[in-house]
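Trainee: Let me begin by handing over the structure; questions about it come next.
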Amino acid sequence: MKLAHGLAIKESPINGKGCFATILFPHRRKIAEYTGERITNAEARRRASRRKLRICGLDERWSLDGARGGNGTHYINHSCQPNAFMMSTRGHILFFALRDIQPGEEITVDYQVTWHDDDKRCTCGAEKCRGTINKKQK
Ligand SMILES: [Zn+2]
């Protein structure tokens, strides 16, 4: 696996392995692009039912599976109080820093919606953890 610049994969207190910064990512600055195999959402749903989720939705039709061709960003764990956010734009998924992220910090985003069931428990440990990874639909 070829990691994106400034990233390292280590054991995470949140869940399995996580993605950690090895350099300072300043507030609002791009961290990396999510890379992976391009698959249909139907295929994403099938894969998500069989193994740990490393898949990221791109749009209504397509998803990216970082388990194949990922650059480390697919290890970014969910947190209800994240230090980064994900933005999909013109067929690309980019991660940006929500605040200054120091070397050694685990990078986290709020997944909001995943291919997992809505009752998938969250273990992020944040003070304001909402209890589930998916945001409740209104
Ligand atoms: Zn949480």
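Trainee: Would you pick out the residues in the stretch 52-66 that are at pLDDT 90 or above and either out of contact with any strand residue (DSSP E or B) (no Cβ under 8 Å at 6 or more places or on another chain) or in a loop (DSSP other than H, G, I, E, B) (or both)?
Mentor: Across the stretch 52-66, the qualifying residue is only GLY66.
Trainee: Something else about it: Only residues that are within 16 Å of the ligand (Cβ to nearest atom), touching a Gly at 6+ places or on another chain (Cβ under 9 Å) and either within 17 Å of ILE31 (Cα to Cα) or among the aliphatic types (A, V, I, L, M) (or both): list them for the stretch 80-113, please.
Mentor: GLU106, ILE107, THR108, VAL113
Trainee: Does the stretch 119-138 contain any residue that is away from the ligand (no atom under 13 Å from the Cβ), among the hydrophobic types (A, V, I, L, M, F, W, C) and surrounded by 18 or more Cβ atoms within 10 Å (Cβ to Cβ)? Steps first, answer last, please.
Mentor: Pass one, the stretch 119-138, residues away from the ligand (no atom under 13 Å from the Cβ): 119, 137-138.
Imposing the further condition that a residue be among the hydrophobic types (A, V, I, L, M, F, W, C) reduces the set to none.
No, there is no match, as no residue in the stretch 119-138 is away from the ligand (no atom under 13 Å from the Cβ), among the hydrophobic types (A, V, I, L, M, F, W, C) and surrounded by 18 or more Cβ atoms within 10 Å (Cβ to Cβ).
Trainee: In the stretch 67-94, what residues are among the hydroxyl-bearing types (Ser, Thr, Tyr) and in a loop (DSSP other than H, G, I, E, B)? Walk me through it before giving the result.
Mentor: Here is the first cut: in the stretch 67-94, the residues among the hydroxyl-bearing types (Ser, Thr, Tyr) are 73, 75, 79, 88-89.
Result: SER79, single match.
Trainee: Please tell me if ALA4 is in a loop (DSSP other than H, G, I, E, B) and touching a His at 6+ places or on another chain (Cβ under 7 Å).
Mentor: Details: in a loop (DSSP other than H, G, I, E, B): yes; touching a His at 6+ places or on another chain (Cβ under 7 Å): no.
Answer is no for this residue.
Trainee: From the set of residues in the stretch 93-118 that are at pLDDT below 90 and not polar (S, T, N, Q), which is surrounded by the most Cβ atoms within 10 Å (Cβ to Cβ)?
Mentor: By that ranking, first place goes to TYR111.
Trainee: Which of the residues that make up the stretch 7-51 are in contact with a Gly (Cβ under 8 Å, 6 or more places away or on another chain), assigned to a loop (DSSP other than H, G, I, E, B), modelled with pLDDT of 95 or more and aliphatic (A, V, I, L, M)?
Mentor: Matches in the stretch 7-51: ILE23 only.
Trainee: Separate question: Based on this model, can you work out whether ALA48 counts as of a type in the set (A, V, I, L, M) and surrounded by fewer than 16 Cβ atoms within 10 Å (Cβ to Cβ)? Steps first, answer last, please.
Mentor: Working: of a type in the set (A, V, I, L, M): yes; surrounded by fewer than 16 Cβ atoms within 10 Å (Cβ to Cβ): no.
No.
Trainee: Ok, one more. Quick one: count up the residues across the stretch 95-111 that are under 10 Å from the mean Cα position of the chain (by Cα) and part of a strand (DSSP E or B).
Mentor: Keep residues of the stretch 95-111 that are under 10 Å from the mean Cα position of the chain (by Cα), which gives 95, 107-111.
Still in the list and also part of a strand (DSSP E or B): 95, 108-109.
Final tally of qualifying residues: 3.
The values are calculated or read from the model by the stated rules, or taken from the named source; none is laboratory data. Here the structure is a predicted model, which means the values were calculated and not measured. Neighbour counts are summed over all protein chains in view; Cβ atoms, including those assigned to glycine, are modelled from backbone coordinates with ideal geometry.
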